[in-house]
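Coordinate-derived values only; no laboratory data. Small disclaimer: the values here were computed from a predicted structure and weren't measured. When we count neighbours, we look across all protein chains shown, and the Cβ atoms used for this are built from the backbone with ideal geometry, even at glycine.
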Amino acid sequence: MDERPEPPGASLDRRAELSEFLRTRRARLKPEDVGLPDFGRHRRVPGLRREELAQLAGVSVAYYTRLEQGNGRNVSAEVLDSIARALRLSDAEHAHLTHLAKPKHKKKQSAPQQQVRGPLRQLLDAMDSVPAYLIGRRTEILGWNRMAAAVFGDWAELPVAERNWARLVFLRPDYRDLFVDWEQKAIDIVCALRMDAGCYPDDPRLSALVGQLSVKSEDFRRLWATHDVKEKSYGVKLLRHPLVGELSLNFEGFRLMGDGEQTMVTYHADPGSASAEALRLLASWGADATRAGAGSQTPSA
């Protein structure tokens, strides 16, 4: 991987992130969701009141209010567990809350440089019939094979800094065309960035990326404001490929042992399906498919 200097950029405000995350999680719960009476028009806030949430979590209102104001200092894991249960957080949301309230990394410590081991690159090349790539923090694309280039475009033609799923999805019209359900792909990307922000709020590259996307993409601003987080390790993606038409591909994400911040993502089609035949054709076309693949157009200004 090419070495890149850290770009300037202010850190994300961890206290503000914690405050907004708790507020948005509380706002999405209705009283009837947790067995509380609903006073209808007399309610002045969306979702649960702080008093109601504190009661459900078994903490004082003052304590919960301080936490929702971003003051997570000295909060215990047990209290966070109680609040997570009261808010009905998913596992990913629970982990995000813990990262925000009790960060493992000291302030101003940047995320370490991402490296891809040589044997991993060899493994990608050996998977000659399966589109596969490695993704790291900040949704950076760290490595890929020939079939991934045939499906998603030749990322080797892009500057290293542009090999990033968030930049591709939000700033490239050809990628908006590629994904049949572009909105869901965009949501998945933003949720992944939110998880990174919880782990590394002082990462200047992440802060710069969020800032640039916020300026350039209204869709990104809208989705970033939801504070949603989740991990999606498998599913189905529908694509519109410029050469072979619609593809229905199953994807699997594998966290790498020894480096949980890198994930290998593979795609395959159901045996005997039209999509399987389309992948076979792309494999047989070799470099011609890569040059004409999705995302191989000139980046928009």
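General remarks:
- Fraction of alpha-carbon pairs over 19 Å apart in region 125-228 - percent: 44 percent
- If R0 is 30 Å, the Cβ-Cβ spacing of Val45 and Lys232 corresponds to a FRET efficiency of close to 0.45.
- Phi-derived couplings, Karplus 6.51 cos²θ - 1.76 cosθ + 1.60 at θ = phi - 60°, listed residue by residue for region 136-151: x, 4, 6, 6, 6, 8, 9, x, 7, 10, 4, 5, 5, 5, 5, 8 Hz, with x used for Gly and Pro.
- Extension gain for the segment Tyr63 to Asp128, taken as residue separation times 0.36 nm less the Cα-Cα distance, is 17.8 nm to one decimal.
- Within a straight-line Cα-Cα reach of under 15 Å, Lys216 can be paired with the following aspartates and glutamates, leaving aside sequence neighbours fewer than 8 residues apart in one chain: Glu162.
- Gln115-Asp91 FRET efficiency (beta carbon distance; Förster radius 30 Å; 0.05 resolution): 0.60
- Cα convex hull of region 118-292, projected area averaged across orientations, nm²: 9.9 nm²
- In region 59-167, inverting the average of 1/r over every pair of distinct C-alpha atoms gives 17.4 Å as the Kirkwood radius.
- Note on Ser273 and Lys216: the model spin-label points, each 7 Å out from Cα along the C-beta direction, lie 3.2 nm apart.
- Coordinate range of the alpha-carbon atoms in region 180-233 per principal axis, descending: 34, 27, 16 Å.
- Most fluctuating residue given options Leu213, Leu281, Leu18, as computed from a GNM of the chain linking Cα atoms under 10 Å: Leu281
- Screening the chain for whole DSSP H helices of 24 Å or more along their axis (Cα) with average Kyte-Doolittle hydropathy at least -0.5 returns 182-199.
- Computed from the alpha carbon positions, the gyration tensor of the chain leads to an equivalent ellipsoid with semi-axes of 39, 22, 17 Å, biggest first.
- A viscosity of 1.567 mPa s and a temperature of 4 °C, combined with the Kirkwood radius over Cα pairs in Stokes-Einstein, give a translational diffusion coefficient for region 14-101 of 100 µm²/s.
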